[in-house]
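Here is the structure we will look at.
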Amino acid sequence: MNFEEKRNYIFIGDKLNTLKNDVKNEKKFLFKRLHEQCLLYKNQKLTEEHPNGSSTFMSMGALNFSLAFMITKQKHYLEEAKRWIMTGVKYPHWGHAHLVDVDLSASWLLFGYSLCYDWLKDELSEEDRDMLKNKLILQGTRMYDFALKTVGEGWSTNYWQNHNWINFTGLAAVGYALKGEVSEAGSWIEYSKENFLKVFSFMPEDGSDYEGVAYWRYGVLWLYIYADLLKEREKIDYFKECDFLKNTFFYRLYQSTPNLEEIINFGDCHDRRSGHSPAIYFKVASEYTNGYAQNLGKLVIEKFLYREQYESGIKPGILSEAWLELLWFNPNIEIRNFDELPLIKYWEDLGLVVIKDSWKEDGTIFSFKCGAPGGKKQWGKSWELDIAYNWKTRGLSHQHPDNNSFIIYGNEAFLSIDDGYNRDVKASEHNVVVVDDIGYTSENQNNIWKETKFEDIGEIKSFFHENSYVYILGESSKSYEKHLKFKEFKRHIINTKEKHFYIIDELSSDIPHIYSWLHHSDTKGEIRGNKVEILNGEAEMDIYSLLPENNGKSIYNTYIKAIMTTQEPDKYRELNMSTLKISNVVPEKELKFINILNVNSTFEKSSLEEIVSEETEGFNRIFIRKKEFEEIFYFNKNKSIIEENFSTDAKILVIKKVKNNFDILAVDCTYLDYRSNHLYRGEKKIITRKVKIDEY
């Protein structure tokens, strides 16, 4: 074996010879992908001056060529690697327009060029090697000094934000690359280790990410890169210690549309296709023997890769990760089918619930969100740190005012949508209720959470899943402007394993208001009495507006324009949403909305055959009939419900009849009787019961 193959390369370790063998066999398809990516890069012109925008792509270009050379020793790869490296080395500064030398472009280049220095330094001329080394020292020093200078008020202590993860990974990489060559390297390594010790302990165990799926694929990637770097360099294994790294794949999977190609775009998502990273999936598969991650990684490589690259608004994009896919793919992990997984999932930290009807491509998904800004763990820990050290650790610019909001996708199309990406966020651009057309405190700016009080947050008060029922209760009134004196915004969500969703909103204030129930869609709905019909390709959805009976409905366009990045202020993203607004006609202190959303197919209609709403002194009652089942829904007005041979003090009662069976949900009840038989007696709670009619 050559000396070169015995070398312990950063990020590769002593596995270069193994890698050379693997590309002849199990990893051959990924070497082909690497080679094709190099062909794309080969024809790309590089500017003598720093680009007027992001330069992150230069880091990835250099890494792809460098790894291809390491494997094959073909000189054309080396020459291109040097072109991509030395062009960037000659830039006096890394970055453009915003936080030059001390933020994302600089840290991507610092990481990539540091690995290239380690991998190729024996192949570089003395002059090029010294130029690269000196540039790495300069940029590492700039990054380190800025991190120290801005402790408590910048990315160096924004532990839950992608800038922290990426910048400190770049700093760590240059430290390892120059270890033993410059005295500062040790400080860079240790400071990064101290940072990630906090990061990995502060991240939510359930794997949820408040920044949204687009920033998940952009930022969380670097948590895996750093963890792998540290494991390879120092045998410190955060893959074993950090539950976030183990579980976050499932957050990503369940925030996919049923076809797995698009994303559920809560948080800041530049578009609906910036979500996949086969490299992350392969790493998760390898570290945790996760066959679902292996399955998704291969699926993306085979089917989604190029469309995502060319429709994605995030740079440098999915194609640039070819080198990482090759390193992280473990061919020994067997794929597992997604239909083995549950259809209902709840992330308590973020306040996120997903309801799926299947894992089929034309299936339906309902995603609901209500929680503390950044998630429970970040909200609590950041307040603790800020009070103790007088810091500002919450970089929540990617957190939207979306408590009690939902997104629906079915039959290959979006039916209820989110604004996705915005720099002037407003509650009114989500599927929520606004009060006199007013939303949250401090709206119309990038980070509206700077002055939010600790207790002024949204929360999922109840999540229940049993038998045929999913029940969710979200509360978000504390987030709204204080002068509204808004006391209650309880949103109840009920699903009975069918394609319709009950949405019941209880609203209360000390003063009268016009409350407006908002719903956004890609296409304009048609108002037909108490029903609004939304058509979008193969998909349809009917919104039945049942309470208040006397309401006003209107549909208008909501236009959003947002700058994509501060490095390129002349480039922006535009979105037009069709907004349905349902409001009470006369101002009231208290109001209840009851809406039922039924998802349908344009080509295979399966509509609700009958839907009747009634109001009595004691409760609201809704009757739904379809060929396969009947449902009766009751919303109690603090009295007993005595109906259909049932008696209960439940707040909500749903009776689903299928053939000769009753499937029952009772919310907040202390008793439930059927034909004088006690189905439940006890403390107030949510219960389900199955009853065969013939048994009583």
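Within region 489-532, being more than 24 Å from residue 420 (Cβ to Cβ), outside any loop (DSSP other than H, G, I, E, B) and in contact with an Asp or Glu (Cβ under 7 Å, 6 or more places away or on another chain) holds for 490, 506, 507, 508, 512, 513, 526, 531.
Within region 84-103, being part of a loop (DSSP other than H, G, I, E, B) and either open to solvent by less than 10 Å² (accessible area, probe 1.4 Å) or not aliphatic (A, V, I, L, M) (or both) holds for 90, 91, 92, 93, 94, 95, 96, 98, 101, 103. Of the numbered criteria (1) over 12 Å from residue 62 (Cβ atoms); (2) buried (at least 23 other Cβ atoms within 10 Å of the Cβ); (3) in contact (Cβ under 8 Å) with a residue 60 or more places away in the chain; (4) not charged (D, E, K, R), the one residue 136 fails is (3). Among the residues making up region 414-445, those that are more than 18 Å from the chain's Cα centre (by Cα) and open to solvent by 10 Å² or more (accessible area, probe 1.4 Å) are 424, 426, 428, 436, 437, 438, 441, 442, 443, 444, 445. Evaluation of residue 342 against the conditions (1) under 21 Å from the mean Cα position of the chain (by Cα); (2) part of a helix (DSSP H, G or I); (3) surrounded by fewer than 18 Cβ atoms within 10 Å (Cβ to Cβ) shows that the sole unmet condition is (2).
In region 670-688, the residues that are of a type in the set (Phe, Trp, Tyr) reach residues that are not in a strand (DSSP E or B) with C-beta atoms within less than 7 angstrom, at least six apart or across chains, in these pairs: 671/649; 674/645; 674/696.
In region 109-133, the residue that is farthest from residue 66 (Cα to Cα) out of those that are free of Cβ contacts under 8 Å to residues at least 60 places away in the same chain and not in a helix (DSSP H, G or I) is 125. Number of residues in region 659-669 that are touching an Asp or Glu at 6+ places or on another chain (Cβ under 7 Å) and either in contact (Cβ under 8 Å) with a residue 60 or more places away in the chain or within 19 Å of residue 621 (Cα to Cα) (or both) equals 1.
Candidates are the residues of region 345-358 that are of a type outside the set (Lys, Arg) and part of a strand (DSSP E or B); the one that is farthest from residue 457 (Cα to Cα) is 355. In this structure, does residue 172 turn out to be hydrophobic (A, V, I, L, M, F, W, C), in contact (Cβ under 8 Å) with a residue 12 or more places away in the chain and open to solvent by 20 Å² or more (accessible area, probe 1.4 Å)? Criteria not met by residue 172. Assessment of region 280-289 against the conditions (of a type in the set (S, T, N, Q), within 23 Å of residue 421 (Cα to Cα) and modelled with pLDDT of 95 or more) yields no matching residue. For the structure I just gave you, tell me whether residue 252 is among the basic types (Lys, Arg), open to solvent by less than 10 Å² (accessible area, probe 1.4 Å) and within 27 Å of residue 399 (Cβ to Cβ). Yes; evaluated as a whole, the condition is true for this residue. Looking only at residues of region 366-401 that are closer than 22 Å to residue 475 by Cβ and aliphatic (A, V, I, L, M), we find that the one that is modelled with the highest pLDDT is 372.
Can you confirm whether region 257-270 contains a residue that is within 20 Å of residue 360 (Cβ to Cβ) and in contact with a helix residue (DSSP H, G or I) (Cβ under 6 Å, 6 or more places away or on another chain)? Yes: one or more hits. Of the residues in region 376-388, at least one is open to solvent by 10 Å² or more (accessible area, probe 1.4 Å) and touching an Asp or Glu at 6+ places or on another chain (Cβ under 9 Å). Looking at region 520-548, which of its residues are of a type in the set (Asp, Glu) and either free of Cβ contacts under 8 Å to residues at least 60 places away in the same chain or within 30 Å of residue 103 (Cα to Cα) (or both)? The answer is 526, 533.
Condition check: assigned to a strand (DSSP E or B) and either over 30 Å from residue 271 (Cα atoms) or open to solvent by less than 30 Å² (accessible area, probe 1.4 Å) (or both). Does residue 638 satisfy that? Answer is no for this residue.
I need the full set of residues from region 600-620 which are open to solvent by less than 50 Å² (accessible area, probe 1.4 Å) and assigned to a strand (DSSP E or B), in order please. Within region 600-620, 600, 601, 611, 613, 619, 620 qualify. Quick check on region 191-210. Is at least one of its residues touching a residue at least 24 places away in the same chain (Cβ under 8 Å), within 29 Å of residue 373 (Cα to Cα), among the small types (Gly, Ala, Ser) and outside any helix (DSSP H, G or I)? Yes, some residue in region 191-210 is touching a residue at least 24 places away in the same chain (Cβ under 8 Å), within 29 Å of residue 373 (Cα to Cα), among the small types (Gly, Ala, Ser) and outside any helix (DSSP H, G or I).
Residues considered: 81, 106. Of these, the only one that is assigned to a helix (DSSP H, G or I), on the phi < 0 side of the Ramachandran plot, among the aliphatic types (A, V, I, L, M) and without any contact (Cβ under 8 Å) to a residue 60 or more places away in the chain is 81. Quick one: would you say residue 169 is among the β-branched types (Val, Ile, Thr) and over 30 Å from residue 285 (Cβ atoms)? In short, no.
Among the residues of region 667-684, at least one is open to solvent by less than 10 Å² (accessible area, probe 1.4 Å) and within 21 Å of residue 547 (Cα to Cα). Residues in region 406-423 include none that are without any contact (Cβ under 8 Å) to a residue 60 or more places away in the chain and under 28 Å from residue 510 (Cβ atoms).
Yes/no matrix, rows are residues, columns are (1) free of Cβ contacts under 8 Å to residues at least 40 places away in the same chain; (2) assigned to a helix (DSSP H, G or I); (3) open to solvent by 10 Å² or more (accessible area, probe 1.4 Å); (4) on the phi > 0 side of the Ramachandran plot:
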residue	(1), (2), (3), (4)
283	no, yes, yes, no
293	no, yes, no, no
297	yes, yes, no, no
300	yes, yes, no, no
306	yes, yes, yes, no
309	yes, yes, yes, no
314	no, no, yes, no
320	no, yes, no, no
325	no, yes, no, no
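So that you can scan it fast, the table gives a plain yes or no per residue for (1) of a type in the set (Gly, Ala, Ser); (2) touching a Ser or Thr at 6+ places or on another chain (Cβ under 6 Å); (3) surrounded by 13 or more Cβ atoms within 10 Å (Cβ to Cβ); (4) over 29 Å from residue 497 (Cα atoms):
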position	(1), (2), (3), (4)
542	no, no, yes, no
570	no, no, no, yes
586	no, no, no, yes
589	no, yes, yes, yes
593	no, no, yes, no
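Count of region 43-58 residues, restricted to those that are loosely packed, with under 15 Cβ neighbours inside 10 Å and not in a loop (DSSP other than H, G, I, E, B), is 0. Within region 366-397, restricting attention to residues that are assigned to a helix (DSSP H, G or I) and among the aromatic types (Phe, Trp, Tyr), the residue that is farthest from residue 431 (Cα to Cα) is 389.
The values are calculated or read from the model by the stated rules, or taken from the named source; none is laboratory data. All of these numbers come straight from a predicted model, not from anything done at the bench. Don't worry about glycine lacking a Cβ; one is built from the backbone with ideal geometry, like all the others, and counts go over all protein chains shown. Ligands, DNA and RNA are excluded from the accessible area calculation, which covers all protein heavy atoms including side chains. Shrake-Rupley method; radii C 1.70, N 1.55, O 1.52, S 1.80 Å.
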